[in-house]
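In what follows, a structure is listed as structure tokens, so that the remarks can point back to it.
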Amino acid sequence: MLLNQFLLLSAILFTIGVYGVIVRKNGVLVLMSIELVLNAVNINLIVFSTYWGIAGQVFALFTIAIAAAEVGVGLAIVLLIYRNQRSVDIDELDEMKG
Amino acid sequence: MWFFTHVWIIPALMALSFLLILFFGKKMPKKGAEIGIVFVGAAFVLALLTGGNWIAWSNDNPEGHGPAAEGAALANVDPSCSSVAAEAAAVGEGVEHVEGKTAASEPAAEEKGGHEEVATRPVVSCVNWFENGDQTISIGTLVDGQSVLLLIVVTLISLLVHVFSTDYVHGDRRYTHYFAFLSLFTASMLFFVLSENTLQMIVGWELVGVCSFALIGHWWEEKPNSDAALKAFLTNRVGDIGLLVGVIVLYFAAGKSFSILDLNILANEGGISHNLLLIGSLCLITAVMSKSGQFILHTWLPDAMAGPTPVSALIHAATMVVAGVYMVARLYPVFFEGLSISGSSVNALSMIGAITALFGAMLAFVQKDIKKVLAYSTVSQLGFMVTALGVGAWTAALFHLFTHAFFKACLFLGAGSLSHACHHSFNMVDDMGGLRKIMPKTFWTYLVATAALAGVFPLSGFWSKDEILAGTGSFPGTEGANGEYHVMLIMLLLAAFCTAAYMTRTIWYAFYGEYRGHGTPHESGPRITTPLIILASLGAIAGIVNLPAAFDFLPEGTQTRFEHYVEPVGLYFPAITHAGFNPVLALVSVAVGLAGIGLAYLYFFKNAFAGLHGLAERNKVAAFFKNILVNKYYFDWLYTTVIVGFVKGPLARAANWFSANVIDGLVNLVGKTAVGSGNWVYKNVDQKVVDGAVNGAGSSASGVGAMLRLTQTGRIQQYAALFFAAVAILAGVFVVVIG
Amino acid sequence: MNSAALIIAEVVPLVTPETTFDVPANVVFAVQAVVMIFAAIRVVTTKNIVHAALWLVVVLGGVGLNYILLQAEFVAVTQFLVYLGAVIVLFLFGVMLTRAPLGVSDDLDNNQKKIGIGVGVALLAVLSYALIESFGRSELTFAAYEGVAGPNTNGRTQAVSDAIFGQYLIPFEMLSLLLLAALIGAIVLARRD
């Protein structure tokens, strides 16, 4: 197996995730896209752990834990937005409009 | 030795007591109080035995002096927790290895003062706490004179406060909970005092903070009490950051070691650069400022009086608030070298201490609440201790800590006894008066403690205060001090004057004149008066443990006992010198104290200076100054209104304004400039050069402006798109072009 | 003599790399890679939110499969437990609680599709270029795992746990604190009052 087959797969997943973050309107879908990005990063960590030692796996585990926390807080925020705006449409959150 | 290696039993006893009271207290006949008293009594006995053993251990010290002996004196240090100390001990054992070093440092040893001083033999034992990578963190006990002193003080005051509380908080709704927290506090304080490394110190430090929080808010149903508890906690958090940063700095400075002994030895022998020590000590001073109520972070301490009075006596007068002083004393080489205390005339520590001493004493004048007077007095006296440490008078600071614990605890408990009699009011101006005849025991003990605090000869406060004043080295004719701190001497003398005067004021309001409260006051019961009598007698006589060396008419071996047993000598302590007793200074300090008492006596008792009475009502200047004092120099106002208000309101608004005006303006400006330059191009280039290019240039320039305007849509995802596009471009530049 | 032998011993494996060409593993990889990419694209393009969550299951399962191919069993199991078990359920709850349209909806994407595609392609181009430039056709050797799983041990899982509770103990503790903070934060944010 080549190193690059995993790395390229991870790169493709990452870009798809970025596309999702940019394009999706629904808050929950944006969070899902972020999960894609995080998983792509995790694949990288594991691939390089076969090179440089077990630490990569440890950090992948840390990332999984942090991602779980992130989803929890993220969904709580989405819920709050829903409660205040009756919608989770991110396009409508333009209070920062200049 | 057995006592020194098993000293952990003392805090463990108190922790056990906490758990027992928590789980079984409610079922006991006395609701848990008896568990606390039995355990703290046992702890006190053990502490006394440890103290006795320490004296014996110091007396039959076979080592001589000199570097070799100083190294060998560290032989009782567990090598697994203090590698540097263990190394020094190993070097010390083989004297021939250190001959070169001996010759080099012999003069330093002689500088240490005329009388023969034998290296202290600290006993350090530890166990492995946890490991992280190759780093092993240990937890253990460090026994030397300083920790033994605090062991005895803490357990003694705690025992008396326990006894006092059985009457004072009798019938309270959370009686059991109260005693559980007293036990937990005592355990934490002892844990802190015995700390072997700085990490352990942080743990103890935070634990006492938590107990203080819980006990200040003991009656949390009333809003001011829970507010005071929160204030204490949050103010302390500010200083805790300093402690955390300081400990981390020192950890790396000492080559990744938390060990107090290692740190001290390295700091002492120049193993750590001066700048690191300076940064570390400044961070730690922040911690001292919050925990020991030093100026600008002192505001929590008077509010902490919302807790039950025995708690104020134990935590906010005698023990917890001296944690900061203790920490400085523990890591003294760090401060001594970092602040260049020796041979200097000003430094951060002494300045903060002196300001606190003076300003705290002045604030005590305008308080109506007797406990607040005592709280500001505590702030002021802690200032004395911190100044003493700042000027190099280490022993004087610890000695003052020792004596202050007795008379201040006595004053607080006395105030508790007064309020017990006057329907739980602390307002001495409106609700007390004339209690001299009704409560003779409280009156006399209070009077003795006041005289001790004011520094009346020959009570204990006189000796310790005099040592601090001499330690500033500023008074002409004082020999042997570490520097010449003139400003500090003046401020401390003024503070001493104020102290004597405001204490006389409380005596007048509480015990003389007519009774102004309602109901009939009565003398408190024996469980309240006995602790008062014990503390007052200790406050009166504690001075004899450190009579000046100059008193050579006394039998050999009765002077400076405190210094001899408490102050460490050796590699882990700087070579400080001791200011000699100066009879003129002693006279001056007594005179200042008596002048304070006398003036206040004339003013209040004899109604002298009639013109001054009610001055604040008539004179605008006086009213102005009184207002400043009544509002505590507006510090609380500064914190709550100005700082918090600023962060809450204007800062948030400013950020909003900034993003609305500046950033948008910038974007608009870019757009306008682009349009403007387009126009310029149109007018100049276009007319003169190619006509066809004109329209393109102009419209593209205005298009750029419009596009930049478009970027400020407020749509997060567009920002994300821009962000990732920028990442792609930059990464492309780095990878393709540069790499 | 000795040193020469040592040098040879060190150099030889580099000169003639042990071929770990492993047909079944590569077949598995190829199949799941295609499935994963397809599923990932569906996640970001489907018009049904619930379907998106289900496609996400496929992607996350594929990532777990990747971990197994890379001989990181413990992480793979964690991936299955945490992501497939917990996170997906959380997402479905999020979909339900926000009353998202459960059927097909045309209003899930904004008008930035072109920008998104452009950015994505640019990113992918840069990433692929960098990866191919730096790693080319280098083989996966699992060099770091050799010797980790010695006799009488529980393999790499033990090594992972040793690392977490040894060298990385403090990050681990910080992480538990972070989870606590996230827990409190989520409760504070989501509760009604």
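For the reader, a short list of remarks on this structure follows.
- The residues of region B:443-460 that are at pLDDT below 85 and either surrounded by fewer than 24 Cβ atoms within 10 Å (Cβ to Cβ) or part of a helix (DSSP H, G or I) (or both), listed by number, are B:Val456, B:Phe457, B:Pro458.
- With respect to the conditions (1) within 7 Å of chain A (Cβ to nearest Cβ); (2) under 29 Å from A:Ala65 (Cβ atoms); (3) acidic (Asp, Glu), C:Glu146 lacks only one, and its number is (1).
- Residue match in region B:427-440 (condition: touching a strand residue (DSSP E or B) at 6+ places or on another chain (Cβ under 8 Å) and either outside any loop (DSSP other than H, G, I, E, B) or at pLDDT 90 or above (or both)): yes
- For A:Gln85: the one exception among (1) on the phi < 0 side of the Ramachandran plot; (2) within 8 Å of chain C (Cβ to nearest Cβ); (3) surrounded by fewer than 18 Cβ atoms within 10 Å (Cβ to Cβ): (2)
- Condition met for C:Gly61 (farther than 20 Å from A:Met32 by Cβ, modelled with pLDDT of 85 or more, out of contact with any His (no Cβ under 8 Å at 6 or more places or on another chain) and more than 9 Å from chain A (Cβ to nearest Cβ)): no
- Residue in region B:99-120 that is modelled with pLDDT of 75 or more and surrounded by 15 or more Cβ atoms within 10 Å (Cβ to Cβ) present: yes
- Filtered residues of region A:17-41 (kept if at pLDDT 90 or above and more than 19 Å from B:Gln718 (Cβ to Cβ)): A:Met32, A:Glu35, A:Leu36, A:Leu38, A:Asn39, A:Ala40, A:Val41
- Single residue of region C:107-135 satisfying the filter (at the interface with chain A (Cβ under 7 Å from one of its Cβ atoms) and among the small types (Gly, Ala, Ser)) that is farthest from A:Ser10 (Cα to Cα): C:Gly116
- Restricting the first member to region B:255-278 and to residues that are more than 24 Å from B:Val123 (Cα to Cα), and the second to residues that are of a type in the set (Ser, Thr, Tyr) and assigned to a loop (DSSP other than H, G, I, E, B), the beta-carbon pairs closer than 8 Å and six or more apart or on different chains are B:His274/B:Ser340.
- Residue satisfying all of: in region A:1-31; over 16 Å from C:Ser128 (Cα atoms) and in contact with a Lys or Arg (Cβ under 8 Å, 6 or more places away or on another chain); farthest from the other protein chains (Cβ to nearest Cβ) among these: A:Val30
- B:Ile370 touching a residue at least 24 places away in the same chain (Cβ under 8 Å), of a type in the set (Val, Ile, Thr) and farther than 23 Å from B:Met320 by Cβ: no
- If you go through region C:159-175 and keep only what is within 9 Å of chain A (Cβ to nearest Cβ) and of a type outside the set (Val, Ile, Thr), you end up with C:Ala159, C:Asp162, C:Ala163, C:Gln167, C:Tyr168, C:Pro171, C:Phe172, C:Leu175.
- When residues of region C:76-106 are limited to those that are touching a residue at least 24 places away in the same chain (Cβ under 8 Å) and β-branched (Val, Ile, Thr), the one surrounded by the most Cβ atoms within 10 Å (Cβ to Cβ): C:Val87
- Yes/no for B:Asn546 being surrounded by 14 or more Cβ atoms within 10 Å (Cβ to Cβ), in the same structural domain as B:Ser419 (by TED's automatic domain parsing) and closer than 30 Å to B:Glu269 by Cβ: yes
- Some residue of region B:474-494 being crowded, with 18+ Cβ neighbours inside 10 Å and in contact with a His (Cβ under 7 Å, 6 or more places away or on another chain): yes
- Every residue from region B:388-399 that is within 20 Å of B:Leu149 (Cα to Cα) and under 14 Å from the mean Cα position of the chain (by Cα): B:Ala388, B:Leu389, B:Ala397, B:Leu398
The values are calculated or read from the model by the stated rules, or taken from the named source; none is laboratory data. Because the structure is predicted, anything quoted here is derived from the model rather than measured. Reconstructed Cβ throughout: ideal geometry from the backbone, glycine too, with neighbour counts over all protein chains shown.
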